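Note sheet for the following structure.
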Amino acid sequence: MKDTEYMLMALQLAKKGCGFVNPNPMVGAVLVKDGRIIGQGFHQRYGAPHGERNALASCRESPEGATLYVTLEPCCHYGKTPPCVEAILQSKIRKVVIGSHDPNPLVAGKGIRQLRQQGIEVVEGVLKEECDKLNEVFFHFIQTGTPYVVMKYAMTMDGKTAAYTGASKWITGEAARRKVHEDRHRYSAVMAGIGTVLADDPLLTCRMEGGRNPLRIICDTQLRTPLSSQIVSTAGEVPTVIATACTKPEAHLPYIKAGCRILPLPQKDGHLDLKELMIKLGEEKIDSILLEGGGILNWSALQAGIVNKVHAYIAPKLFGGANGKTPVAGMGVPFPKDAFFLTNSTVNHLGEDIFIESEVKPYVHRNY
């Protein structure tokens with residue numbers, strides 16, 4: 001087998017840690033000796049041994065002289081676990097093949113340098129693009145200290161997220177909705193606005209078998225979330241944060257008693273300061289957010305420059321109507337040249353629906 005084939009195996013192993021290792025990276029490792037796989041492993045959960053150590057622990061024979069294929073540069077610092085470079089040196093591995101460099105300032109090439117200094121052959125950049133994409137959340141978080149934000153919405157082919165009556169269930173089919181639950185498992189938190197809570201009374205949980213519920217974040221400037229809502233009534237079971245500008249302790253108390261956590265925030269232009277919210281969430285090691293807001297929150301998030309990626313689910317339907325809701329509301333841009341530009345788009349089919357994934361180009365301040 002070729003290096004790329006072993007690295008593909010390591011990538012598939014790494015994906016098994018999806019949703020369980022945040023804010024750590026997903027890492028997979030395969031050990032090969034004399035053309036045979038003698039060990040494999042992946043980072044299974046936050047705080048547990050890394051992929052390289054799990055691969056070594058699974059070895060059926062001595063790894064001395066073997067080649068290690070690993071999706072991310074081995075760590076060389078003490079964190080919740082000892083450095084993987086140390087384990088590699090102790091095992092007398094001959095060669096290490098790496099997919100991605102680790103941008104963590106505690107690593108950032110030091111792991112590769114230490115291996116080479118000890119006489120180990122290191123090959124870099126095998127399936128680099130695939131390995132980098134696997135950990136785009138980690139790379140963003142470790143370099144910025146703020147969550148990677150994915151803005152998600154479902155709409156018809158005429159751009160409506162609801163009929164003129166406000167009815168929106170269901171725009172997309174089962175395959176698309178299943179993908180959303182997979183993403184709720186994948187990302188650390190899901191965020192919605194008070195408008196969505198009042199209109200839809202969502203639960204915002206992960207209904208994927210074996211999945212993990214994300215932290216639920218509700219942006220509610222004036223603290224209007226109904227105490228009878230599904231969000232509040234299940235806050236004792238699912239971690240829930242209500243971000244608000246309301247500073248009255250007596251108003252907070254019923255939510256706190258129900259199990260919610262109140263996160264006070266300043267206002268900016270009549271809305272919550274979303275940049276400040278990202279800083280506070282980053283300090284709590286929330287590395288990623290699936291933004292399932294309505295048009296107003298989506299517009300505010302774009303204006304604040306916090307959106308990194310857009311997930312658009314497009315159903316082959318037409319709702320029509322001048323008053324139907326759209327994915328991004330607010331004032332909008334004054335001219336086409338002022339648009340928020342997207343790049344690196346991919347298009348896939350999910351059942352009858354179309355799924356478009358795009359990155360948001362770096363934010364440029366706009367005066368509107």
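For the reader, a short list of remarks on this structure follows.
- Residue, farthest from GLN12 (Cα to Cα), within region 27-45, restricted to residues that are out of contact with any Lys or Arg (no Cβ under 8 Å at 6 or more places or on another chain) and of a type outside the set (A, V, I, L, M): ASP34
- Those residues of region 147-171 which are polar (S, T, N, Q) and open to solvent by less than 20 Å² (accessible area, probe 1.4 Å), in sequence order: THR156
- From the options ARG207, ARG184, residue that is on the phi < 0 side of the Ramachandran plot and within 13 Å of the chain's Cα centre (by Cα): ARG184
- Looking across region 191-218, just one residue is surrounded by fewer than 23 Cβ atoms within 10 Å (Cβ to Cβ), in contact with a strand residue (DSSP E or B) (Cβ under 7 Å, 6 or more places away or on another chain) and in a loop (DSSP other than H, G, I, E, B), and that is PRO202.
- Hits in region 1-55 (condition: open to solvent by 80 Å² or more (accessible area, probe 1.4 Å) and of a type in the set (Phe, Trp, Tyr)): PHE20, TYR46
- On the stretch given as region 128-137, residues that are closer than 21 Å to VAL85 by Cα and open to solvent by less than 90 Å² (accessible area, probe 1.4 Å) total 3.
- Within region 53-71, the set of residues being within 24 Å of PRO105 (Cβ to Cβ) and at pLDDT below 95 comprises ARG53 only.
- Wholly within region 75-190, strands (runs of 3 or more DSSP E) carrying at least 3 residues that are in contact with a Gly (Cβ under 9 Å, 6 or more places away or on another chain) and more than 30 Å from ASP201 (Cβ to Cβ): 95-100
- Scanning region 219-231 for residues that are assigned to a loop (DSSP other than H, G, I, E, B), open to solvent by 60 Å² or more (accessible area, probe 1.4 Å) and farther than 23 Å from GLY330 by Cβ yields LEU227, SER228.
- Any chance VAL333 is more than 21 Å from PHE139 (Cβ to Cβ), without any contact (Cβ under 8 Å) to a residue 12 or more places away in the chain and surrounded by fewer than 20 Cβ atoms within 10 Å (Cβ to Cβ): no
- Scanning region 56-71 for residues being open to solvent by 40 Å² or more (accessible area, probe 1.4 Å) and either in a helix (DSSP H, G or I) or of a type in the set (Ser, Thr, Tyr) (or both) gives a total of 3.
- VAL333 vs. criteria outside any helix (DSSP H, G or I) and within 27 Å of LYS169 (Cβ to Cβ): no
- Tally, over region 172-190, of residues that are closer than 20 Å to VAL307 by Cα, open to solvent by less than 20 Å² (accessible area, probe 1.4 Å) and either out of contact with any Pro (no Cβ under 7 Å at 6 or more places or on another chain) or polar (S, T, N, Q) (or both): 4
- In region 251-298, the residues that are assigned to a strand (DSSP E or B), of a type outside the set (A, V, I, L, M, F, W, C) and surrounded by 18 or more Cβ atoms within 10 Å (Cβ to Cβ): HIS271, SER288
- In region 106-126, the residues that are at pLDDT 90 or above form Cβ pairs under 6 Å with partners that are open to solvent by 70 Å² or more (accessible area, probe 1.4 Å), at six or more places apart or across chains, as follows: VAL122/ARG116.
- LEU297 meets all of the listed conditions (1) in contact (Cβ under 8 Å) with a residue 60 or more places away in the chain; (2) touching a Cys at 6+ places or on another chain (Cβ under 8 Å); (3) closer than 15 Å to THR146 by Cβ; (4) of a type outside the set (D, E, K, R) but one, namely (3).
The values are calculated or read from the model by the stated rules, or taken from the named source; none is laboratory data. All values derive from a computational prediction rather than experimental measurement. Because the Cβ atoms are built from the backbone with ideal geometry, glycine has one as well, and the counts that use them run over all protein chains shown. To get the accessible areas, we keep the full protein, side chains included, count just its heavy atoms, and leave off ligands, DNA and RNA. Shrake-Rupley method; radii C 1.70, N 1.55, O 1.52, S 1.80 Å.
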